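**Q** Structure provided below as structure tokens; questions to follow.
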Amino acid sequence: MKASQYFSMSLFLLILLISCPWLISANPHLNNFLGCLDSFYSNDISKVIYTQNNASYSSVLNATIQNLRFSTPATPKPLVIVTPLQTSHIQATIRCSRTNGLNLRIRSGGHDFEGLSYVSQVPFVVLDLTNFRSVKIDVKNKVAWVQSGAILGEFYSEIAKRSRTLAFPAGICHTVGVGGYLSGGGYGLLLRKYGLAVDNVIDAVFIDVNGRILKRKSMGEDLFWAIRGGGGGSFGVVLSWKVKLVSVPSTVTVFTIRKTLEENATNLVHQWQSVGHKLPGDIFSAVTMRKVNRNGKPTILVAFSSFFLGETNALITLMKARFPELGLKKEHCTEMSWIESILYFGQIQNKSIDVLLDRSYKSPLNAPWFKTKLDYVTNPIPKAGFEKIWSKLYEEDAETAAMAFIAYGGKMAEIPESATPFPHRDGNLYHIAYTVGWDGEENTKSQRYMNWIRKFYSFMTPFVSKSPRGAYVNYRDDDIGTNKKKGETSYAKASVWGRKYFKNNFDKLIYIKTKVDPHNFFKHEQSIPVSV
């Protein structure tokens, strides 16, 4: 080390430790970690480091947290947040975390439902990819390179600037980070036409545990397979993704028809189960359910929503043939562009398209505090089952609860379940997302709400997939199993939740994990374990 570098590192640490001397006793490895970073990049690394004594620490940590259950005084906080500006910063963070015994959590957008990308029970560092957000669109070849720290809204906006007839098959919540989204599979409005988001990934730039920069050819097909749906935080850091863009018409059509129980909603939703997954791939179909008050009396409001790759007249003709009981009419329909449909289904249709660039926007799809769970349905729920479901939604503690059914089938179901780690394809009629949410004024009731959704999930057992009961890795759910002891993972413990997320693909993920990260550096409470 040069004398100037030694002086720079010493001065950096001296200033830090004088202003915050408790850091030494809080974690003896922290000052060594900071010194390690500074020794590699003494001129600029301080610009991307936020320790707990930094005035901007809290704002950086909380900037993208979407679930305030994991932003309380009692929530464990990272010793350091690193917001890298260049690839070498990431390599140094990996190396210095490893050599100083610190857990590393990787965050791209902050939508992790259980906070695993920015919370740990052991001393940890957050690697926040917010500055890695470049989007490069190649309209002629219908491909794009998008960095993991970009949010979906930034990606969509850049596509829309270049073409009205190109899109990407991803989700409707625009503040979701690309890195976490693609790592878990990614479903959206175009899943029945073009499959999942990961079905359209064709290359990636990846940093492994040794700091090597790899692309598809150099990482090999096994690792490339694993990062496309095997869940974030298990294998390394994906810097960017090369994806196929897909064709959409310049005009698409959307509709939402709402029915109460008194308006035949039970029969309609029961029938939808046999219709939704069989519709042409040009249609995305969803049903949402929640309790409302109408004329002073409680009832269940069921909303049937669809997105169609075409114009109104063609959609009406199709629905009259396939689901005439719904009674779709022209006045129910609205024609718009693909990018406008993202605003429509994201419940921000009254906003300018520029809202897609707002990384701090709090999605109306979720309450400030929430708990979400997910199931897959392989056989239609009987009418009597829906009557029981309604009775549960009438309960007092379900006042903020909602259910959403998303139809499967189409292109997504035609792809073999072994093609990517995401296995929930053919054989599923739809998935159910359950959510209960609350705001700060209701936080005293939070445990009641949490208890309700757990009991409701148990109640739904007879109606959903079995052996295993499936779950979606992007909808993290620590109720189905975790490995909390010092952040370690084991095959026995991980199998409890791993089979639910990945089914038979879980063993292949373990094999690949063991090969690329044999000492299990990249780990969290639901990360892929190494074999022993």
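The values are calculated or read from the model by the stated rules, or taken from the named source; none is laboratory data. Keep in mind that this is a model prediction, so the values were computed, not measured. Here Cβ is always computed from backbone atoms with ideal geometry, including for glycine, and neighbour counts include all displayed protein chains. Ligands, DNA and RNA are stripped out before the accessible areas are found, and what is left, the full protein with its side chains, is counted by its heavy atoms. Shrake-Rupley method; radii C 1.70, N 1.55, O 1.52, S 1.80 Å.
**Q** Using 0.36 nm per residue of separation minus the Cα-Cα distance, give me the extension gain between Tyr491 and Lys142 in nm, one decimal.
**A** 121.5 nm
**Q** So which of Lys217/Lys493; Lys142/Lys217; Lys329/Lys455 end up more than 31 Å apart, counting from Cα to Cα?
**A** Distance filter (> 31 Å) returns Lys217/Lys493; Lys329/Lys455.
**Q** Take the cross-link list Lys330/Lys503; Lys383/Lys411; Lys297/Lys383; Lys77/Lys392 and give me the ones stretching past 31 Å between alpha-carbons.
**A** Violating the 31 Å limit, Cα to Cα: Lys330/Lys503; Lys77/Lys392.
**Q** Relative contact order (percent) for the stretch 135-247, with alpha-carbon contacts under 8 angstrom and 6 or more residues of separation?
**A** 32 percent
**Q** Percent of alpha carbon pairs in the stretch 135-247 separated by more than 16 Å?
**A** Roughly 55 percent, once rounded to a whole number.
**Q** A further question on this structure: Apply 1/(1 + (r/R0)^6) to the Cβ-Cβ distance of Leu85 and Thr514, taking R0 = 25 Å, and write down the FRET efficiency to the nearest 0.05.
**A** The calculated FRET efficiency here is 0.15.
**Q** Under a straight-distance cross-link criterion of Cα-Cα below 14 Å, which aspartates and glutamates are reachable from Lys515, leaving out those fewer than 8 residues away in the same chain?
**A** Once the sequence-local aspartates and glutamates are set aside, what remains near Lys515 is Asp208, Glu221, Asp222, Asp507.
**Q** Once both labels are modelled 7 Å past Cα along the beta-carbon direction, what's the Ser418-Asp479 spacing in nm?
**A** Once both label points are built, they end up 3.4 nm from each other.
**Q** Right, here's the next one. Which residues does the label zone of Arg258 cover in the stretch 343-379, counting backbone N under 17 Å from a point 7 Å along Cα→Cβ?
**A** Residues 344-350, 364-366 qualify, since their backbone N sits under 17 Å from the label point.
**Q** Which aspartates and glutamates, on any chain, are close to Lys388 with Cα under 20 Å apart, when same-chain ones fewer than 8 places away are left out?
**A** Hits, sequence-local ones excluded: Glu262, Glu263, Asp375, Glu396, Asp397, Glu399.
**Q** Moving to a separate point now. Which trypsin sites (Lys or Arg not before Pro) from the stretch 116-169 combine a DSSP loop assignment with at most 13 other Cβ atoms within 10 Å?
**A** Those that pass, being in a loop and sparsely packed, are Lys140.
**Q** If each residue of separation counts as 0.36 nm, what is the full-extension length gain between Arg454 and Asn504 once their alpha-carbon separation is subtracted?
**A** Extra length available between Arg454 and Asn504 comes to 15.4 nm.
**Q** With r defined as the distance between the Cβ atoms of Gln447 and Arg322 and R0 fixed at 45 Å, what FRET efficiency is calculated, to the nearest 0.05?
**A** So, using R0 = 45 Å, E works out to roughly 0.55.
**Q** Same structure, new question: When you count, for each residue, the other Cβ atoms within 10 Å and take the mean per peptide, how do 61-70, 309-318 rank with the highest first?
**A** Ranked from most to least packed, the peptides come out as 61-70, 309-318.
**Q** How much accessible area per residue does the chain have, counting only protein heavy atoms and a probe of 1.4 Å, in square angstrom?
**A** Heavy-atom SASA per residue in the chain reads 40 Å².
**Q** Here is a further query. With N set to the residue count of the stretch 388-457, report its C-alpha Rg divided by 2.2 N^0.38 Å to two decimal places.
**A** 1.49
**Q** Can I ask one more? Report the full-extension gain for the segment Gln121 to Ser467: residue separation times 0.36 nm, less the Cα-Cα distance, to one decimal in nm.
**A** Stretched out fully, the Gln121 to Ser467 stretch lengthens by 121.5 nm.
**Q** At what distance in nm do the modelled label points of Ser56 and Lys215 sit from each other, each positioned 7 Å from its Cα along Cα→Cβ?
**A** That separation, rounded to one decimal, is 3.2 nm.
**Q** How large is ³J(HN,Hα) for each residue in the stretch 347-354, as worked out from phi by the Karplus curve 6.51 cos²θ - 1.76 cosθ + 1.60 (θ = phi - 60°), to whole Hz, x for Gly and Pro?
**A** 6, 10, 5, 8, 10, 5, 4, 4
**Q** Rounded to the nearest percent, how much of the accessible area of the chain (1.4 Å probe, protein heavy atoms only) is carbon and sulfur?
**A** 51 percent
**Q** Hey, another quick one. Just want to confirm a number: the relative contact order over the chain, from Cα pairs under 8 angstrom separated by 6+ residues, in percent.
**A** Relative CO of the chain lands at 15 percent.
**Q** Kindly sort Tyr361, Tyr434 by accessible area of their heavy atoms, largest first, with the probe set to 1.4 Å.
**A** Tyr361, Tyr434
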